[in-house]
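Data block below; observations after.
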Ligand SMILES: C[S@@+](CC[C@H](N)C(=O)[O-])C[C@H]1O[C@@H](n2cnc3c(N)ncnc32)[C@H](O)[C@@H]1O
């Protein structure tokens, strides 16, 4: 594979297999349901060609293919690619977001739901975004997920890690710099400020940038995992989070953020995103 090397600690972390369950149980379902909810509103109508870069084991690719997208998933972890390739309708291959083995402008949509989490160097993040912009057609859409700067602090305040002196020092460092050092719980990562990823996507040439909080403040509420067990309550949670999803005052409190922009020509795109609030009935 003629691609930049994935850091061994990142590979080792994902080879532990955590992605099999992360978004499919407990409070992780909030990230899954909200990501799907936002994507179904901001993506153009399928069919079309969609590149799911850093798509993991296909947790989003599966429903995107069922919705009618022609999905090509690219990920550097062999177990992820093998699992995604077993999902009907998905083409899955090894690769790196910083050097995509794809043609210029081959996709209508490029999703980066994961690669930017692990690129601590600004130059690597710029390469990743430049590749997404190269791969998407003029007027097409790029969606970049980032982990918010204060998510580790808030998560560990919730779970108690903040009260362990060593951990507290590392969390304070991460809060200041955005860089997460591998600690047995997570791997090397970069946590963005919302304004930082907005600037990075604009510098890559994307226009019409919009940002959506994925979990909003809801991920910090103790009972949220239980609410998601009940379909009616789960819908209620989605309705509540949608009310604040684009409020700049709350973007950074969310665990994750989606930043959406068009490659040049976006304003004239006849398949432009539907107005906010309109959702397909599926
Ligand atoms: C947290 S997982 C997210 C998976 C899935 N997209 C989701 O939203 O649940 C991050 C993914 O990014 C992938 N990844 C890490 N570094 C990458 C890189 N340089 N290029 C492409 N993918 C990368 C990992 O292998 C992993 O599958």
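Counting residues that are buried (at least 24 other Cβ atoms within 10 Å of the Cβ) and within 14 Å of the ligand (Cβ to nearest atom), which helices (runs of 4 or more DSSP H) fully inside the stretch 52-151 reach at least 3?
The helices (runs of 4 or more DSSP H) meeting that bar are 122-135.
Would it be correct to say that residue 26 is in a loop (DSSP other than H, G, I, E, B) and buried (at least 20 other Cβ atoms within 10 Å of the Cβ)?
Values: in a loop (DSSP other than H, G, I, E, B): yes; buried (at least 20 other Cβ atoms within 10 Å of the Cβ): no.
Answer is no for this residue.
Quick one: is residue 238 in contact (Cβ under 8 Å) with a residue 24 or more places away in the chain and assigned to a helix (DSSP H, G or I)? Taking the combined requirement at face value, the residue satisfies it.
Being on the phi > 0 side of the Ramachandran plot, outside any helix (DSSP H, G or I) and at pLDDT below 95 is a property that residue 184 has. Filtering the stretch 161-181 to residues that are more than 21 Å from residue 216 (Cα to Cα) and part of a loop (DSSP other than H, G, I, E, B) leaves 164, 181. Flag: residue 247 matches the condition of being closer than 30 Å to residue 110 by Cα and part of a loop (DSSP other than H, G, I, E, B). Just give me the residues in the stretch 170-208 being surrounded by 21 or more Cβ atoms within 10 Å (Cβ to Cβ), under 30 Å from residue 140 (Cα atoms) and free of Cβ contacts under 8 Å to residues at least 60 places away in the same chain, in sequence order. Listed by number, the list holds a single entry, 191. State whether the residues of the stretch 212-221 include one that is in a strand (DSSP E or B) and on the phi < 0 side of the Ramachandran plot. Yes - at least one qualifying residue is present in the stretch 212-221.
Let me confirm something: among 85, 66, 107, which residue is modelled with pLDDT of 95 or more, more than 27 Å from residue 179 (Cβ to Cβ) and in contact with a helix residue (DSSP H, G or I) (Cβ under 6 Å, 6 or more places away or on another chain)?
Of 85, 66, 107, the one residue that is modelled with pLDDT of 95 or more, more than 27 Å from residue 179 (Cβ to Cβ) and in contact with a helix residue (DSSP H, G or I) (Cβ under 6 Å, 6 or more places away or on another chain) is 107.
The values are calculated or read from the model by the stated rules, or taken from the named source; none is laboratory data. Computed from a predicted model, the values in this text were never measured in an experiment. Reconstructed Cβ throughout: ideal geometry from the backbone, glycine too, with neighbour counts over all protein chains shown.
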